[in-house]
Amino acid sequence: MRLAELEVFHSRPVAPTRRVALGAMELPVDPAPGFGGILLAGLVAAHMPGLDPELFDDLDRLTHQLQAGQRIPQPRLRHRFQVDRIGLTRSVHRLMGEGEDVWFDIDDKGAPAQHLLAAVYAAGQLPLVARGRVMEGLRIAMRWSAALDRSFIARITGHERHHAWSPMAFHDPVRWAVGVLGFADGDGPVTAVPTRAEVQQRFRELLRAAHPDLGGASEQAARRIAELTEARRILLR
């Protein structure tokens, strides 16, 4: 399933001019940074290794300028940002998901600077209420040097302090939490949130069942306990 998508138009490597334009954008950012912000951060992290180190400061400065809504002089990163797409090559970047699995589908055509600019300019067009949070994620991605895995997504979303990142926990925390604690199947809407006493009792029961010393599978125990703890936190906050 497609969670977010960004269409980018850019000049070819042999073209005499360096140009970048944005196409269609499907970048949900609620709750911020949203799947759209995750995609843009992944796009930045994927292409940063190919950027000329001398352009790092300019890219960082551009994120702050766009976040503040400033007028941007051209060119930036030696490329001109424009609206016209005639004569440009099309690339499409997607964030995909199925069940608990999420992955990036990053197009590799064009130069790294072109896609970095596209990500930052796309973030600059997001609603002001989410723009700062997304730009913060892009700046984290600029300095990311590890794999684009669940730990990267957890870092971008700010979930790394609580539990292993889950698409459902991020998109609809309450529905995910009632499903984890067994109050609903997690597929339909939540019509009634369990009481505080019910949550505490169910948490204790499931925690005992998950613990390795009481028969729980040891290789899955840590993840299960983390999920139960986070589900309780969501429902009791």
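Throughout, read-outs are computed from the coordinates displayed, never taken from laboratory work. What you see is a predicted model; the values in this text were computed from it and never measured. Heads up, the Cβs are rebuilt from the backbone with ideal geometry, glycines too, and the neighbour counts pull from every protein chain shown.
Counting only helical runs of four or more DSSP H residues, what would the 222 nm mean residue ellipticity of the chain come to if each run contributes -39,500 (n - 2.57) and the total is spread over all its residues? Don't jump to the answer; show the numbers that get you there.
Details: 9 runs with 109 residues, N = 237.
It comes out at -14500 deg cm²/dmol, rounded to the nearest 500.
Counting only complete DSSP H runs, which helices of the chain cover 15 Å or more along their long axis at the Cα atoms and score a mean Kyte-Doolittle of 1.6 or above?
Working: long enough: 34-47 (20 Å, 1.68); 56-67 (17 Å, -0.97); 112-124 (18 Å, 0.83); 128-142 (22 Å, 0.67); 196-210 (21 Å, -0.80); 218-236 (28 Å, -0.31).
Those that clear 15 Å and a mean of 1.6 are 34-47.
For the chain, set up a Gaussian network in which alpha carbons nearer than 10 Å are linked by springs, and say which option among 113, 192, 130 fluctuates the most.
Checking each option, the largest mean-square fluctuation is seen for 192.
Please give the charge dipole size of the range 2-157, origin at the Cα centre, charges +1 on K and R Cβ atoms and -1 on D and E Cβ atoms. Round to the nearest 20 debye. Don't skip to the end; give the middle numbers.
Working: 19 positive and 18 negative charges, 126 e Å.
Its charge dipole is roughly 600 debye.
Using a Gaussian network model on the chain with a 10 Å cutoff between Cα atoms, which of 129, 120, 180 fluctuates the most?
The residue with the greatest mean-square fluctuation here is 129.
Relative contact order of the chain, please, whole-number percent, based on alpha carbon pairs below 8 angstrom and at least 6 residues apart.
Details: 366 pairs, mean separation 50.8, N = 237.
Relative contact order for the chain comes out at 21 percent.
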